[in-house]
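The values are calculated or read from the model by the stated rules, or taken from the named source; none is laboratory data. Note that the structure is predicted; figures quoted are calculated from it, not measured. Neighbour counts run over all protein chains shown; Cβ positions are idealised from the backbone, glycine included. Accessible surface areas use protein heavy atoms only, side chains included; no ligands, DNA or RNA. Shrake-Rupley method; radii C 1.70, N 1.55, O 1.52, S 1.80 Å.
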Amino acid sequence: MPQAVATVEEGTRDSAGTVVSARGAGATASQGSDFAPLLRAVKGQGLLERRTGWYTAGIVTNLAALGAVLAGMFLLGDTWWNLLLALPLAIFWSRTAFVGHDAGHAQISGDRRASRVIGLIHANLLLGMNEAWWNDKHVRHHAHPNHIDKDPDVGVGALVWTQKQAVQREGFARWLTRNQARLFFPMLLLEGIALKISGFQYLRRQPAGERALSALLLVAHLGLYATLLLTVMSPGKAVVFALVHHALFGLHLGMAFAPNHKGMEMPDPDGDRWGHLQRQVLTSRNVRGGVLTDWFLGGLNYQIEHHLFPSMPRPHLRLAQPMVRAHCEALGMPYAETGLIESYRQALQHMHEVGAPLR
């Protein structure tokens, strides 16, 4: 199973087994490249070194928080007041997803086996989300962000991302595209369930041994989740709790991922081939903020730094930001950073403009 992106120096493989460099296909870190000086500076500051202790503390804290929420559910018992705990449970599930994301990028450990174990526990078992599906999708996104033919995140799905995609829509999909900007956040309420469905659908693409383990953990998650809810509350309340919980979980994840690339540059498939620095910086947007923003978005608000150095531990991203911004300014390369609300406005504006030909 490929990790999302291994390290800056090492390559990784996509689902077809093709080697994809962590620098981006075709890019090099030669002495004359735009990226090489920045890479040397970042490595010189030790920012690519693992922060195992930091992650261990974070994982233990998150598991303790999940345990506290579950304890609260048992204490409240069979009452509608338990719905209030769907919110903190969704938030800490998102924290769990961030750990799985970082494990897939080898940020937590340089050992592939250890990283996969962390990913399987946090994604498959705790969330019911197939880490193999996520990593396969994510490796292609990192290799070619916002590339209409190569990035699955901007492929045609419930939403579309270019006017060329929009004019090809028919029937209900055409109505959906015409109104996709205003429907975006309501649609995120379905994302928590969609992640589970996509994970199960991906099982048939996995090798037999890997498929068996992934399926076992996914089924175990469903069994444990259903047992928990039905032990604490009546079936009717359990169904409502599950729906509210997954809706809030999908909304939180969507709010964390939406600002990263939507409305940013999209490389012309028929145009010049971009180098790693250009490809990752121009297609990404940072979200400024303090400790609370960093926590809420799981460090993904430093999206430019994350894409340039995917194996960089999360707490180092903010430390690398001044170096990356200064490097881009020296090269005359735009460096996009905005507030959280403005990032949503820009993303929604892009989705609105994409649907314009249908209105």
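Numbers for the structure displayed
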{"quantity": "Estimated distance in nm for a label pair at Leu243 and His352, the labels positioned 7 Å out from Cα along Cα-to-Cβ", "calculated": "3.1"}
{"quantity": "Shape of region 232-359, Cα gyration tensor, a/c cut at 1.5", "calculated": "oblate"}
{"quantity": "Three-way shape label, region 22-170, alpha-carbon gyration tensor, a/c 1.5", "calculated": "oblate"}
{"quantity": "Cβ-placed point charges (K, R +1; D, E -1), dipole of region 220-330 about Cα centre in debye, nearest 20", "calculated": "360"}
{"quantity": "Burial order of peptide ranges 110-120, 310-320, 166-176 (average beta-carbon count within 10 Å, highest first)", "calculated": "310-320, 110-120, 166-176"}
{"quantity": "Kyte-Doolittle mean at least 1.0, axial Cα span of 24 Å or more - DSSP H helices of the chain", "calculated": "52-76, 208-232, 235-257"}
{"quantity": "Sulfur and carbon atoms: percent of accessible area, the chain [1.4 Å]", "calculated": "62"}
{"quantity": "Cleavage-rule hits, trypsin sites (Lys or Arg not before Pro), region 192-295, DSSP coil, Cβ neighbours within 10 Å at most 13", "calculated": "Arg273"}
{"quantity": "Theoretical FRET efficiency, 1/(1+(r/R0)^6), r = Cβ-Cβ of Arg40 and Ala114, R0 25 Å, to 0.05", "calculated": "0.35"}
{"quantity": "222 nm mean residue ellipticity, helices alone, for the chain (DSSP H n ≥ 4; -39,500 (n - 2.57); rounded to 500)", "calculated": "-18500 deg cm²/dmol"}
{"quantity": "Cα-centre dipole for region 106-190 with unit charges at Cβ (Lys and Arg positive, Asp and Glu negative), debye to 20", "calculated": "180"}
{"quantity": "Loop-located trypsin sites (Lys or Arg not before Pro) in region 39-93, at most 12 other Cβ atoms within 10 Å (DSSP)", "calculated": "none"}
{"quantity": "Whole-angstrom gap from region 269-340 to region 163-220, using each part's C-alpha centre", "calculated": "27"}
{"quantity": "Total charge dipole magnitude, the chain, about the Cα centre, Cβ charges on Lys, Arg, Asp, Glu only, Debye to nearest 20", "calculated": "360"}
{"quantity": "Region 95-244 shape via C-alpha gyration tensor axes, a/c threshold 1.5", "calculated": "oblate"}
{"quantity": "Å² of accessible area per residue within the chain, as computed with a 1.4 Å probe and no ligands counted", "calculated": "44"}
